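Q: To start, I am sharing the structure in question, which I have written as structure tokens.
The values are calculated or read from the model by the stated rules, or taken from the named source; none is laboratory data. Being a predicted model, the structure only gives us computed values, none of them experimental. Every residue, glycine as well, gets a Cβ built from its backbone with ideal geometry; the counts of neighbours run over all protein chains shown. Ligands, DNA and RNA are stripped out before the accessible areas are found, and what is left, the full protein with its side chains, is counted by its heavy atoms. Shrake-Rupley method; radii C 1.70, N 1.55, O 1.52, S 1.80 Å.
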Amino acid sequence: MSMTIALALVIGLVSWGYKAILRPPPPRICGSPGGPPITGPRIKLRDGRHLAYKEYGVPREEANYKIVYVHGFSSCRLDVVVASTLSPPRKMRLGFQCELGVYIVGFDKPGYGESDPDPKRTVKSLALDVEDLADQLGLGSKFYIIGNSMGGQAVWGCLKYIPHRSENKRMTFALQPC
């Protein structure tokens, strides 16, 4: 019995020492001294953080359909290129996008890519970030929101917390068989 207690105590002390010695490095914020460079456009949110984004499709002033694309867990703002390069062939696709007037903006969620982290991030705060992005880019009072994979959580948050801004009337998802 005393051997078990002693072993548990030793394991606990070693774990505590390991945790005290090995701490993760502080985050390297884009654009800060010692941080990675900024390579794309960013907006400044109401709380002072920055959100990186990338625009695709027709110019937003000419767009009939304005879409905010929310990436999944291990992705970034550049994933929109997947959505904009799916078949049909390139020549037909570009004409199709222009004919419909589709504008898509993808952004790095807080803590991803070149967006600043948000240690207090919630589903609501992400929805408000989407609203702030739309306001600063001038997308108008209503826009579409599409999420891929874990981006669906952000779409749900937008439908719940900023429903007056969404053109979406329903949320769809796909299940992949195991």
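Q: I'd like to check something: does the range 77-97 contain any residue that is open to solvent by 60 Å² or more (accessible area, probe 1.4 Å), at pLDDT below 90, over 24 Å from residue 167 (Cα atoms) and part of a loop (DSSP other than H, G, I, E, B)?
A: Yes - at least one qualifying residue is present in the range 77-97.
Q: Cβ contacts < 9 Å: first residue touching a residue at least 60 places away in the same chain (Cβ under 8 Å) and within 12 Å of residue 64 (Cβ to Cβ), restricted to the range 132-144; second residue in a helix (DSSP H, G or I) and among the small types (Gly, Ala, Ser), any location; separation 6+ or different chain. Result?
A: Taking only residues 6 or more apart or on different chains, the pairs are 140/134; 143/134.
Q: Still on this structure, I have one more. Specify the residue that is modelled with the highest pLDDT; the eligible residues are those in the range 9-64 that are assigned to a helix (DSSP H, G or I) and loosely packed, with under 10 Cβ neighbours inside 10 Å.
A: 61
Q: Tally up the residues in the range 122-131 that are among the charged types (D, E, K, R), free of Cβ contacts under 8 Å to residues at least 60 places away in the same chain and surrounded by 14 or more Cβ atoms within 10 Å (Cβ to Cβ), please.
A: Total satisfying the criteria: 1.
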